[in-house]
Amino acid sequence: MNGILKLAFKLLVNDKGKYAALLVGITFAVFLMVQMTSIFSGILTKASSTVINLGAQVWVMDPAVTNVASSIPLPTYVLDAVRSINGVKYAVPLYSGSALVKLENGVFQFVTVLGLDDNSLLGHPELIEGKIEDIYAENAFVAVQDTEISKLGNPRPGTEFEINDHRGVIVGLAKVSVSGLFGIPTLYTTYSRAIQYIPSTRFTIAYILVEPKSNDVIPSIQDQVRQLGYVALTKQGFMQKIADYYKYQTGLGTNILIMTVVSFLVGLSISGQTFYTFILENLEKFGALKAIGAKGNELVYMIFFQATFSAIIGYGLGVGLCAVVITLAKLRIPEYSANITFTTLAFALVMVLIIAGISSYIGIRKVLKIEPFDIFRS
Amino acid sequence: MRSEAAISANELTKWFGEGTLKTFAVREVSFQAYFGEILFIVGPSGSGKTTLLSMISGVLRPNVGSVAIEGVDIWQLAPDQLADFRLNKVGFVFQDYHLFPRLTTIENVAIPLILRKKNWEESIEEAARYLEIVGLKNKAELPPMKLSGGEQQRVALARALVSQPDLMIFDEPTASLDGDTGRRIMNFIKNNVLSDQRCILIVTHDNRIFEYADRIMKMEDGRIIGFDNGRSH
Ligand SMILES: Nc1ncnc2c1ncn2[C@@H]1O[C@H](COP(=O)(O)OP(=O)(O)OP(=O)(O)O)[C@@H](O)[C@H]1O
Ligand SMILES: [Mg+2]
């Protein structure tokens with residue numbers, strides 16, 4: 001069979017113009033599909049930034065919470081109840097809210113404030129300037145060093161600001177693995193200072209962060225939290241819930257899905273069309289092969305090989321192009337949100353193979369129908 | 001010379017279209033052709049020559065009648081067996097050659113060998129021998145479009161020869177060639193292609209080459225109207 005494949009390969013690749021057009025079509029389709037889904041995946045990661053950065057294993061929340069930014073305060077007794085659940089190593093409150101700060105130059109800026117449990121500082125970020133213990137100092141806040149920090153006037157340790165008529169001072173700069181989606185700077189402080197400085201509702205616990213004694217007890221913790229009328233989600237479970245929210249309840253997912261389908265269709269029509277033209281222009285040659293004695297399944301094999309080969313090469317080029325574009329974008333915009341995930345790559349591969357399948361199906365049908373007699377008579 | 005008929009056509013009939021559009025291309029044609037002979041099929045345009053050739057070579061299924069090649073009724077064969085028959089027993093030289101412009105000359109010649117599941121290198125090696133036989137060894141790596149009409153004809157001939165077929169079929173081999181080149185091709189066929197093991201069918205309009213025929217079968221309106229002896233006899 002290897003000779004036949006080589007023949008198919010030469011017939012395809014030696015037709016440089018058409019082969020190039022075919023590759024451009026597939027590359028373009030793959031690029032669009034991978035780019036779209038990578039951006040979406042980047043957005044989803046950013047939407048879960050707090051969950052990822054705090055790193056707690058289990059999150060207890062009100063059942064109606066849909067994403068991390070819109071928390072629903074929990075009554076204090078829930079914290080005690082959770083603490084007494086069998087299998088809970090420790091459970092701490094997390095404050096999450098937003099506040100308006102007035103910078104030294106008089107400019108107002110919205111910030112997200114995360115208040116960490118005073119005793120444990122569970123989930124505190126890694127500091128790149130200052131010491132985490134300084135968070136206990138008077139009026140102390142830690143600013144997150146991400147792209148949004150310029151909105152706070154690039155503070156240094158010692159920089160002062162006003163937060164709801166209280167004095168605030170930056171004592172450290174923190175590094176986080178994922179920055180937020182909404183372009184708002186983040187400040188960390190202690191739980192008690194957060195509720196003292198920021199006007200709050202009666203209840204002030206946004207989430208309860210739980211450290212289980214082992215992974216095995218998580219289901220039973222979840223069970224008992226459910227009996228309290230609340231939900232306990234693992235880190236992955238919470239991220240999934242946030243992702244589902246953006247996918248299904250914001251229109252974002254639908255739009256990305258539509259764009260992905262459109263890029264698939266564009267790619268399919270360009271490469272399907274080009275491949276079809278390729279087959280049509282070579283129809284006479286396939287007819288001659290048939291007359292000489294090529295069997296139906298050999299022709300099918302040849303065409304399928306040509307389509308699949310083009311698809312795989314186009315896939316490689318498309319993914320490569322995507323990686324280059326995302327890398328360049330990240331060089332210019334450090335927080336450019338796009339992740340090429342294995343799911344995305346696998347998805348695009350499946351799509352491109354479907355394109356190859358459909359293209360070769362059309363070609364094969366055409367070729368199997370030709371009568372070598374018509375070649376004879378020409 | 002083998003005494004068994006190479007080709008035995010029996011009441012071959014082919015029509016196209018149905019109802020009022022039904023036209024007969026070939027009507028109840030029966031004849032035999034033998035190993036070691038060159039049989040010409042001549043007749044006016046539209047008289048059914050190509051249609052007849054196609055039915056004999058396993059390319060076009062007759063509506064009525066049968067074709068036996070070396071005693072085997074080819075139209076009783078399964079599709080894949082029929083393809084094998086064409087690959088192994090028949091060598092075609094199409095009227096306009098149908099060479100592959102994207103392949104080199106030698107690759108064109110190697111195609112039937114590749115289809116016979118030989119590997120690429122083996123096929124190319126063997127093709128080179130046949131390219132040498134037709135005197136085009138030095139053009140092996142050129143695309144066929146760079147060759148003259150007569151040279152392309154020889155490439156097509158080499159491609160038909162590589163399978164060492166029992167049956168060689170030419171449709172208008174000299175129609176697009178000048179008289180000299182046409183005669184050179186015919187000389188080559190007569191001296192190098194014809195053998196006791198081989199039967200050659202040639203469809204032609206070209207009366208300049210009738211002298212190369214052993215027999216000439218005349219057709220009109222889908223029927224055989226008679227046989228002539230070629231001038232060489
Ligand atoms: N596929 C087809 N559909 C309809 N009619 C056909 C078809 N093929 C052949 N015919 C008809 O059959 C008749 C014989 O055609 P054929 O090609 O065998 O003639 P020919 O003798 O080879 O002619 P020429 O010398 O011009 O090549 C013609 O009338 C032609 O129009
Ligand atoms: Mg004809």
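The values are calculated or read from the model by the stated rules, or taken from the named source; none is laboratory data. In this text the structure is predicted, and so the values were computed from the model without any measurement. So basically every Cβ, Gly included, is an ideal-geometry build from the backbone, and we count neighbours across all protein chains shown. To get the accessible areas, we keep the full protein, side chains included, count just its heavy atoms, and leave off ligands, DNA and RNA. Shrake-Rupley method; radii C 1.70, N 1.55, O 1.52, S 1.80 Å.
Show the residue pairs meeting these rules: Cβ distance below 6 Å; 6+ apart or different chains; first residue within the range B:184-210 and among the charged types (D, E, K, R); second residue in a helix (DSSP H, G or I).
Sorted first by the residue in the range B:184-210, then by its partner, the pairs are B:190/B:212; B:208/B:179.
Here are some residues: B:142, B:157, B:177, B:131. Which one is in a loop (DSSP other than H, G, I, E, B), open to solvent by less than 60 Å² (accessible area, probe 1.4 Å), under 20 Å from residue B:97 (Cα atoms) and of a type outside the set (Phe, Trp, Tyr)? Break it down into steps so the answer makes sense when it comes.
Numbers: B:142 fails: open to solvent by less than 60 Å² (accessible area, probe 1.4 Å); B:157 fails: in a loop (DSSP other than H, G, I, E, B); B:131 fails: in a loop (DSSP other than H, G, I, E, B).
That would be B:177, the only listed residue that is in a loop (DSSP other than H, G, I, E, B), open to solvent by less than 60 Å² (accessible area, probe 1.4 Å), under 20 Å from residue B:97 (Cα atoms) and of a type outside the set (Phe, Trp, Tyr).
Please tell me if residue A:308 is assigned to a helix (DSSP H, G or I) and surrounded by 15 or more Cβ atoms within 10 Å (Cβ to Cβ). Walk me through how you get there before you give the answer.
Working: assigned to a helix (DSSP H, G or I): yes; surrounded by 15 or more Cβ atoms within 10 Å (Cβ to Cβ): yes.
The answer is yes for residue A:308.
Residues B:185, B:216: which one is over 24 Å from residue B:138 (Cβ atoms) and among the aliphatic types (A, V, I, L, M)?
B:216
Looking at the structure I just gave you, is residue B:57 within 11 Å of chain A (Cβ to nearest Cβ), within 15 Å of ligand 1 (Cβ to nearest atom) and closer than 19 Å to residue B:224 by Cβ?
It is true that residue B:57 is within 11 Å of chain A (Cβ to nearest Cβ), within 15 Å of ligand 1 (Cβ to nearest atom) and closer than 19 Å to residue B:224 by Cβ.
Which one of these does residue B:109 not meet: (1) within 16 Å of ligand 2 (Cβ to nearest atom); (2) among the hydrophobic types (A, V, I, L, M, F, W, C); (3) surrounded by 14 or more Cβ atoms within 10 Å (Cβ to Cβ)?
Going through (1) within 16 Å of ligand 2 (Cβ to nearest atom); (2) among the hydrophobic types (A, V, I, L, M, F, W, C); (3) surrounded by 14 or more Cβ atoms within 10 Å (Cβ to Cβ) one by one, residue B:109 breaks only (1).
Is one or more of the residues making up the range A:226-247 at pLDDT 90 or above, on the phi > 0 side of the Ramachandran plot and out of contact with any Phe, Trp or Tyr (no Cβ under 6 Å at 6 or more places or on another chain)?
yes
Has the range A:101-109 got at least one residue that is touching an Asp or Glu at 6+ places or on another chain (Cβ under 6 Å), at pLDDT 90 or above and more than 27 Å from residue A:61 (Cβ to Cβ)? Break it down into steps so the answer makes sense when it comes.
Pass one, the range A:101-109, residues touching an Asp or Glu at 6+ places or on another chain (Cβ under 6 Å): A:102.
Pick out the ones that are also at pLDDT 90 or above and you get A:102.
Now narrow it down to the ones that are more than 27 Å from residue A:61 (Cβ to Cβ): A:102.
The answer is yes; a qualifying residue exists.
Exactly one condition in (1) over 28 Å from the mean Cα position of the chain (by Cα); (2) over 26 Å from residue A:57 (Cβ atoms) is false for residue A:173; which is it?
(1)
Can you name every residue in the range A:4-27 that is touching a helix residue (DSSP H, G or I) at 6+ places or on another chain (Cβ under 6 Å) and open to solvent by 10 Å² or more (accessible area, probe 1.4 Å)?
A:5, A:6, A:13, A:18, A:19, A:21, A:23, A:27
Would you confirm whether or not the range A:293-304 contains a residue that is open to solvent by 10 Å² or more (accessible area, probe 1.4 Å) and within 23 Å of residue A:33 (Cβ to Cβ)? Show your work before the answer.
Within the range A:293-304, the subset open to solvent by 10 Å² or more (accessible area, probe 1.4 Å) is A:295-297, A:300-301, A:304.
Cutting the leftovers down to within 23 Å of residue A:33 (Cβ to Cβ) gives us A:304.
Checking the range A:293-304: at least one residue is open to solvent by 10 Å² or more (accessible area, probe 1.4 Å) and within 23 Å of residue A:33 (Cβ to Cβ).
Working only within the range B:177-210, note down all residues that are of a type in the set (D, E, K, R) and closer than 20 Å to residue B:90 by Cβ.
B:190, B:196, B:198
Out of curiosity, is residue B:74 more than 16 Å from ligand 2 (Cβ to nearest atom), open to solvent by less than 10 Å² (accessible area, probe 1.4 Å) and within 14 Å of chain A (Cβ to nearest Cβ)? Outline the logic, then answer.
Details: more than 16 Å from ligand 2 (Cβ to nearest atom): yes; open to solvent by less than 10 Å² (accessible area, probe 1.4 Å): yes; within 14 Å of chain A (Cβ to nearest Cβ): yes.
Answer is yes for this residue.
So how many residues does the range B:87-106 have that are open to solvent by less than 50 Å² (accessible area, probe 1.4 Å), closer than 21 Å to residue A:2 by Cα and at the interface with chain A (Cβ under 7 Å from one of its Cβ atoms)?
Total satisfying the criteria: 3.
Within the range A:132-152, take every residue that is among the hydrophobic types (A, V, I, L, M, F, W, C) and assigned to a helix (DSSP H, G or I) and give me the one that is nearest to residue A:330 (Cα to Cα).
A:149
If residue A:315 passes every condition in (1) open to solvent by less than 30 Å² (accessible area, probe 1.4 Å); (2) part of a helix (DSSP H, G or I) but one, which one does it miss?
With respect to (1) open to solvent by less than 30 Å² (accessible area, probe 1.4 Å); (2) part of a helix (DSSP H, G or I), residue A:315 is out only on (1).
Scan the range A:47-70 for residues that are modelled with pLDDT of 85 or more and surrounded by fewer than 20 Cβ atoms within 10 Å (Cβ to Cβ) and report the count.
The qualifying residues number 6.
Return the pairs, sorted by first residue and then second, in which the second residue is open to solvent by 60 Å² or more (accessible area, probe 1.4 Å), the first residue lies in the range B:81-101 and is away from ligand 2 (no atom under 16 Å from the Cβ), the beta carbons are less than 6 Å apart, and the residues are 6+ apart or on different chains.
B:101/B:145
Being within 16 Å of ligand 2 (Cβ to nearest atom), crowded, with 17+ Cβ neighbours inside 10 Å and not aliphatic (A, V, I, L, M) is the filter here; which residues of the range A:362-378 pass it? Let's see the steps before the verdict.
Start the filter on the range A:362-378 by keeping residues that are within 16 Å of ligand 2 (Cβ to nearest atom), which leaves A:371-378.
Narrowing further to those that are crowded, with 17+ Cβ neighbours inside 10 Å: A:372-373, A:375-376.
Once the filter is applied, which keeps residues that are within 16 Å of ligand 2 (Cβ to nearest atom), crowded, with 17+ Cβ neighbours inside 10 Å and not aliphatic (A, V, I, L, M), the range A:362-378 yields A:372, A:373, A:376.
Would you tally the residues in the range B:1-57 being more than 16 Å from ligand 2 (Cβ to nearest atom), part of a loop (DSSP other than H, G, I, E, B) and in contact (Cβ under 8 Å) with a residue 40 or more places away in the chain?
6
I'm checking my understanding of the structure. Among residues of the range B:188-207 that are within 16 Å of ligand 1 (Cβ to nearest atom) and more than 9 Å from residue B:38 (Cα to Cα), which one is nearest to the other protein chains (Cβ to nearest Cβ)?
B:203
Which numbered condition in (1) surrounded by 15 or more Cβ atoms within 10 Å (Cβ to Cβ); (2) among the basic types (Lys, Arg); (3) free of Cβ contacts under 8 Å to residues at least 60 places away in the same chain is the only one that residue B:117 fails?
(1)
Kindly indicate whether residue A:254 is at pLDDT below 85 and buried (at least 20 other Cβ atoms within 10 Å of the Cβ).
For residue A:254, the condition - at pLDDT below 85 and buried (at least 20 other Cβ atoms within 10 Å of the Cβ) - is not met.
Let me confirm something: among A:326, A:333, which residue is away from chain B (no Cβ under 14 Å), within 18 Å of the chain's Cα centre (by Cα) and open to solvent by 30 Å² or more (accessible area, probe 1.4 Å)?
That would be A:333, the only listed residue that is away from chain B (no Cβ under 14 Å), within 18 Å of the chain's Cα centre (by Cα) and open to solvent by 30 Å² or more (accessible area, probe 1.4 Å).
Just to be sure, is residue A:291 touching a Lys or Arg at 6+ places or on another chain (Cβ under 8 Å), in the same structural domain as residue A:370 (by TED's automatic domain parsing) and modelled with pLDDT of 85 or more?
Yes, satisfied.
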